[in-house]
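The values are calculated or read from the model by the stated rules, or taken from the named source; none is laboratory data. Just so it is clear, the model here is predicted, and its values are computed rather than measured. Glycine gets a Cβ as well: all are built from the backbone with ideal geometry, and neighbour counts include every protein chain shown.
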Amino acid sequence: MAIQHVVMFRFNEGTEPSSVDRLATGLRRLPSLIPQIATYAVGPDLGLSDGSWDFALSARFASVADFETYRAHPEHVAVVNDLVEPITAERRSVQFEY
């Protein structure tokens, strides 16, 4: 079963653009470090619709096991701890079969 993983973030009020840039850079490094990632796209919202979240991530994995490896991988955990959590007010995710 192949898995699509989608995450949306709302940042804390006053989050600096440089912090968002560091987050994007950190996340974009992960596919080169975690071979279980099949596809990976991240970025800040373009501001095209009212009510949008601030940032999103979309990733594909060939299996649930690959997703679980990614989720627990030390490089992913470090990005979450060091770059996501300090600036994130809300986070929502969904995983579905594709």
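Sort through 28, 10 and tell me the only one that's in a strand (DSSP E or B) and touching a Phe, Trp or Tyr at 6+ places or on another chain (Cβ under 8 Å).
Among 28, 10, only 10 is in a strand (DSSP E or B) and touching a Phe, Trp or Tyr at 6+ places or on another chain (Cβ under 8 Å).
Residue check: is residue 15 in a helix (DSSP H, G or I) and either out of contact with any Ser or Thr (no Cβ under 7 Å at 6 or more places or on another chain) or farther than 16 Å from residue 3 by Cβ (or both)?
Criteria not met by residue 15.
Condition first: of a type in the set (A, V, I, L, M) and over 18 Å from residue 74 (Cβ atoms). Now tell me which residues in region 29-56 satisfy that.
38, 41, 42, 46, 48, 56
Pick from region 8-22 the residues that are closer than 12 Å to residue 54 by Cα and in contact (Cβ under 8 Å) with a residue 40 or more places away in the chain: which of them is surrounded by the most Cβ atoms within 10 Å (Cβ to Cβ)?
9
If you scan region 20-51, which residues turn out to be under 18 Å from residue 88 (Cα atoms) and in contact with a Leu (Cβ under 8 Å, 6 or more places away or on another chain)?
Passing the criteria: 22, 23, 26, 27, 42.
Any idea which residue in region 80-98 is farthest from the chain's Cα centre (by Cα), counting only those that are hydrophobic (A, V, I, L, M, F, W, C) and more than 13 Å from residue 11 (Cα to Cα)?
96
Is it the case that residue 50 is acidic (Asp, Glu), farther than 22 Å from residue 96 by Cβ and in a loop (DSSP other than H, G, I, E, B)?
It is true that residue 50 is acidic (Asp, Glu), farther than 22 Å from residue 96 by Cβ and in a loop (DSSP other than H, G, I, E, B).
Would you say residue 29 is of a type in the set (D, E, K, R) and under 12 Å from the mean Cα position of the chain (by Cα)?
When the stated conditions are applied, residue 29 passes them.
Could you say whether any residue in region 54-67 is more than 13 Å from the chain's Cα centre (by Cα), assigned to a loop (DSSP other than H, G, I, E, B) and modelled with pLDDT of 95 or more?
Within region 54-67 (the criterion being more than 13 Å from the chain's Cα centre (by Cα), assigned to a loop (DSSP other than H, G, I, E, B) and modelled with pLDDT of 95 or more), the answer is yes, since at least one residue qualifies.
Residue 25 - would you say it is in contact with a Lys or Arg (Cβ under 8 Å, 6 or more places away or on another chain), surrounded by fewer than 14 Cβ atoms within 10 Å (Cβ to Cβ) and not aromatic (Phe, Trp, Tyr)?
no
Whether any residue in region 70-82 is exposed (fewer than 15 other Cβ atoms within 10 Å of the Cβ) and on the phi > 0 side of the Ramachandran plot is what I want to check.
No: zero hits.
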